[in-house]
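**Student:** What follows is a structure written as structure tokens; I'll ask about it next.
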Amino acid sequence: MTHVLQNVVFPLDRDPDLLPLYVDPDTWSVIDEEPVRVSNRAQLGNILSRTSARIVAGRRVSFGTYFNAFPASYWQHWTSVRNVTLTVRTDGPATILVYRSNGSGVRQRIETREVEGSAVSTFELVLDQYSDGGFIWFDIVADEKNAVFHGAEWTTEQAPAREGKASIGITTFNKPDYCIWTLMNLADAPEVLEVVDRIFLIDQGDRRVDAQPEYAGIAERLGDTLQVITQPNLGGSGGFARAMSETLDRPESDFVQLLDDDVRIEPESIRRSVIFGRFATVPTIVGAHMFDLLDRPKLHAWAEVVDDVPFMWRALYQEKLPHDFSVSNLRQTPMLHMRLDADYNGWWMCLIPVSIIREVGLPLPAFIKWDDAEYCLRARDAGYPTVSMPGVALWHVSWVGKDDSIDWQAYFHARNRIVAGLLHSPVPKGGTLIRHSRRVDLKHLMMMQYYPVALRHLALRDVLSGPEHMRSNLATAMPRARALAKDFPETVVHRDSGVPLRSRRGRLVFKTTRRNEFDSPTGLRLRLFTARTLMSHWFHKPEGVNVQQPEVEFGKNDAHWWRVPMYDSALVNSADGSGKNVYTRDRRLFRSMLLESVRLHRRLQREWPRLAAEYRSARQELTSPTAWQRTFEVVR
């Protein structure tokens, strides 16, 4: 039996920004050390359908792109597939060239074939040289006349390790427009629905998806495949736990495919993740990469890991992200050709085998933040890897226009990181986690951001109270955190309404050249700066004129913790550009919060061994399907 591992596709949307992810001209130039396309770039007018395109006479087009190159190293490393067939269908005189790369991104020719008329070209490929990394792809060069590409796929005759379908679990809170788009794209993709058992839409908001005018038509097309479930807002962890719980009752589902709500999907990616999950030698979590929904050629999340000593997440090669495929394509970016092994994958799109769920349970009742990372670490400890799979991706609203470290989400950032550390840190007393947490408090206090510090202290007190608090405050922690904002004037966003708010001394502008982009103090300078700043904020009372009107203004990218503390007050532009926040020194608040930070972190360090034992002992109850089912019944 022939199994299609990957189809060659073109973008669903007629968006020129998307083309570099699917198809590329072969010729690029280098200007100022940056690769730049020359005139023979791919054109939307040459894309004829989802699977076909025109190759203009005398031109060369490469399918060595993010979505259409075959990630050979991942298939070799994580599956037992060794023989793959590439089938290419063309019409007209053309030359097909098949290439491979190694883990360093070095290109090597595998085979060349000239074709005429209607041709079906097959290439037998062996996956035995890709342990370090590498892709396989093909280029098409048209001869004296136009040629037409009619589609291609990568297949194998080998049987998969498992054959079940996937249930899709979409969690949403008041984002019905995005969900309608996702459902519409799924309804238009019969090849994806072939591997889908059920679509669970967990609606936790009051702007219901099923109340949208387009919903009835989409629901009719999807039929019994679609099931909408409404429940109170239990966050991402509560919504995805519900989808997992429902999937456990589906005999035909071997997987649950988690999807965030504020996304645009590439349907072929959903199909690929399920197929890869079927062929993986052991049950494997298959994660998707994340592109920026508002800047679509930019890749923001690739392979992500949790560093043990600070117990903090990051992306591998984080300094190279986001990566802009309109500036540097796959073939010109050696870093992308390495096989990068991940610790976890965000739940914007993540495929989880049901067998793993039955063994390790459902998510922590964490509401949001760290639930995905903790779950993958839990699965890893049980022997099940997470693969961050190239060519499997979607577009998600990125964090470029957000700063959730200073809004109500600061509570969940702090609490859930510490809880995950208590559960999984292999380093005594969490390594440098507690020290880093103290430093985060100091930075916020020096920047006159008192609200996130209040939330972080609330989080620490909850952690110290024991694991039972996580389920008991699942539905109340977020409203409580948001309600606390009213006590802190800095949380008010001052929007321009004819008379914009201005600072006394105007806006400060800093150089952003590569040499001095990051001018933060380090080493001895950092110690001296911190000591002077803490003393200043402890003893110095702000001048009245600076309390009445902000002293200076900072752009968001200039408002760093080593700059803002030098002033009595500062006007700082919000991350999304919708307004400005005013930060003002409060000597009384600074003193009390600094002392409380010291006290709470000392207690956390002293009680870490006991707390770690308590949380690890309670983990099974926190994550069990039975306990989650009781939660769903209580909140109905």
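**Student:** Full extension from LEU464 to LYS320: what is 0.36 nm times the residue separation minus their Cα-Cα distance, to one decimal in nm?
**Tutor:** Working: separation 144, 0.36 × 144 = 51.84 nm, distance 3.76 nm.
Full-extension gain reported as 48.1 nm.
**Student:** Of the listed values (1) 27.5; (2) 56.4; (3) 30.3, identify the label whose number matches mean projected area of the Cα convex hull in nm² calculated from this model.
**Tutor:** It is the value labelled (3).
**Student:** Quick one: Karplus J couplings for the range 204-221, per residue in order, coefficients 6.51, -1.76, 1.60, θ = phi - 60°, nearest Hz, x for Gly and Pro?
**Tutor:** These are the phi-based 3J(HN,Hα) values: 10, x, 9, 9, 5, 5, 6, 9, 6, x, 7, 5, 4, x, 5, 4, 5, 5 Hz.
**Student:** Could you point to the residue in GLN549, GLY506, THR476 farthest towards the positive end of the range 447-589's charge dipole, with +1 and -1 charges on the Cβ of Lys/Arg and Asp/Glu respectively?
**Tutor:** So the residue we want is GLY506.
**Student:** So, one more: Give me the distance in nm between label points sitting 7 Å out from Cα along the Cα-to-Cβ direction at LEU534 and THR522, one decimal.
**Tutor:** Taking the two extended label points, one gets 2.2 nm.
**Student:** When a/c is below 1.5 the answer is rounded, else prolate if a/b is larger than b/c, else oblate, so apply that to the range 554-636 with a ≥ b ≥ c taken from the square roots of the Cα gyration tensor eigenvalues.
**Tutor:** On the way: a/c = 3.32, a/b = 1.72, b/c = 1.94.
Taking the square roots of the gyration eigenvalues as a ≥ b ≥ c, the range 554-636 is oblate.
**Student:** Run through the DSSP bridge list for the chain and note the antiparallel percent, rounded to the nearest 5.
**Tutor:** Values: 78 of 108 bridges.
Bridges in the chain that DSSP calls antiparallel: roughly 70 percent.
**Student:** How big, in percent, is the set of alpha carbon pairs in the range 161-291 lying more than 18 Å apart?
**Tutor:** Working: 4368 of 8515 pairs.
Counting every Cα pair in the range 161-291, those more than 18 Å apart make up 51 percent.
**Student:** Still on this structure: Pop a pseudo-label 7 angstrom from the Cα along the beta-carbon direction at both ASN557 and SER617 and give the gap in nm to one decimal.
**Tutor:** For ASN557 paired with SER617, the spin-label model returns 5.1 nm.
**Student:** Next question, about the same structure. Taking the Cα centre of the chain as the origin and placing charges on Cβ (Lys, Arg +1; Asp, Glu -1), which of ALA243, ILE96, ILE434 is farthest toward the positive end of the dipole?
**Tutor:** In the chain, that residue is ILE434.
**Student:** Provide PHE255, PHE123, PHE138 in ascending order of the number of other Cβ atoms located within 10 Å of each residue's Cβ, fewest first.
**Tutor:** Values: PHE255 29, PHE123 18, PHE138 25.
Ranking PHE255, PHE123, PHE138 by Cβ neighbours within 10 Å, fewest first, gives PHE123, PHE138, PHE255.
**Student:** Picking from PHE149, ALA69, THR386, whose Cα lies most toward the positive end of the charge dipole for the chain (charges on Cβ: Lys, Arg +1; Asp, Glu -1)?
**Tutor:** THR386
**Student:** Could you tell me how many degrees, from 0 to 90 and to the nearest 10, lie between the Cα long axis of helix 523-539 and the main elongation axis, the longest principal axis, of the Cα atoms of the chain?
**Tutor:** 50 degrees
**Student:** Mind checking the full-extension length gain between SER578 and ARG221? Use 0.36 nm per residue of separation minus the Cα-Cα distance, one decimal, nm. Write out the running numbers ahead of the final one.
**Tutor:** Working: separation 357, 0.36 × 357 = 128.52 nm, distance 3.93 nm.
That pair, SER578 and ARG221, stretches by 124.6 nm at full extension.
**Student:** What FRET efficiency, computed as 1/(1 + (r/R0)^6) with R0 = 41 Å and r the Cβ-Cβ distance, is obtained for SER624 and ASN174, rounded to the nearest 0.05?
**Tutor:** Working: r = 29 Å, r/R0 = 0.72.
My answer for the efficiency is 0.90.
**Student:** When ranked by the protection proxy of mean other Cβ atoms within 10 Å per residue, highest first, what sequence do the peptides 98-104, 301-307 form? Walk me through the intermediate numbers first.
**Tutor:** On the way: 98-104: 18.6, 301-307: 21.0.
Ranking, from highest mean packing down: 301-307, 98-104.
**Student:** Okay, moving on. Which whole-Hz ³J(HN,Hα) couplings does the range 97-103 yield from phi under the Karplus relation 6.51 cos²θ - 1.76 cosθ + 1.60, θ = phi - 60°, glycine and proline marked x?
**Tutor:** 10, 9, 10, 9, 10, 9, x
**Student:** Here's something else I'd like to know. ASP210 to THR432: FRET efficiency via 1/(1 + (r/R0)^6), r the Cβ-Cβ distance, R0 60 Å, to the nearest 0.05?
**Tutor:** That pair, ASP210 with THR432, gives E of 0.80.
**Student:** Just to be sure I understand the curve: with the Debye formula and one point per C-alpha of the range 358-455, what is log10 I(q)/I(0) at q = 0.12 Å⁻¹?
**Tutor:** Rounded to two decimals, the profile gives -0.52.
**Student:** So, by mean Cβ neighbours within 10 angstrom, what's the order for 181-188, 454-461, 545-552 with the highest one leading?
**Tutor:** Values: 181-188: 19.8, 454-461: 21.5, 545-552: 16.9.
Top to bottom by mean Cβ count within 10 Å: 454-461, 181-188, 545-552.
**Student:** Using alpha carbons only, how many degrees (0 to 90, rounded to 10) separate the axis of helix 587-623 from the longest principal axis of the chain?
**Tutor:** The angle comes out at about 50 degrees.
**Student:** Something else: Which value in deg cm²/dmol, rounded to the nearest 500, describes the helix-derived mean residue ellipticity at 222 nm for the chain, given -39,500 (n - 2.57) per DSSP H run of n ≥ 4 and division by the residue count?
**Tutor:** Value at 222 nm, helices only: -10000 deg cm²/dmol.
**Student:** Right, next: Relative to the longest principal axis of the chain, what angle (0 to 90°, nearest 10) does the C-alpha long axis of helix 267-279 take?
**Tutor:** With rounding to tens, the tilt is 80 degrees.
**Student:** About its Cα centre, what dipole magnitude does the range 564-636 give when the only charges are +1 on Lys and Arg Cβ and -1 on Asp and Glu Cβ, stated in debye to the nearest 20?
**Tutor:** On the way: 14 positive and 8 negative charges, 71 e Å.
My answer is approximately 340 debye.
**Student:** While we're looking at this one, here's another question. Size of the dipole of the range 443-556 about the Cα centre, Lys and Arg at +1 and Asp and Glu at -1 on the beta carbon, nothing else charged, in debye to 20? Spell out each step's value before the answer.
**Tutor:** On the way: 20 positive and 10 negative charges, 70 e Å.
Roughly 340 debye for the range 443-556.
**Student:** If you don't mind, another one. Starting from the 7 Å offset along Cα-to-Cβ, what nm value, one decimal, do you get for the label separation of ARG109 and ARG602?
**Tutor:** According to this spin-label approximation, the distance is 7.3 nm.
**Student:** Quick check for me: using +1 on Lys/Arg Cβ and -1 on Asp/Glu Cβ, what's the dipole size of the chain about its Cα centre, in debye to the nearest 20? Could you put the intermediate results ahead of the total?
**Tutor:** Numbers: 79 positive and 78 negative charges, 644 e Å.
It comes to approximately 3100 debye.
**Student:** Run the paramagnetic zone check for ASP17: 7 angstrom along Cα to Cβ, then residues of the range 283-320 with backbone nitrogen under 18 Å.
**Tutor:** Counting only backbone N, you get 290-301.
**Student:** For VAL493 and VAL400 in one chain, what is 0.36 nm times their gap in residues minus the Cα-Cα distance, to one decimal in nm?
**Tutor:** Numbers: separation 93, 0.36 × 93 = 33.48 nm, distance 1.79 nm.
Going from the current span to full extension adds 31.7 nm.
Coordinate-derived values only; no laboratory data. As the structure is a computational prediction, the values presented were derived from the model and not from experiment. Positions of Cβ are generated from backbone atoms using ideal geometry, with glycine treated the same way; all protein chains shown enter the neighbour counts.
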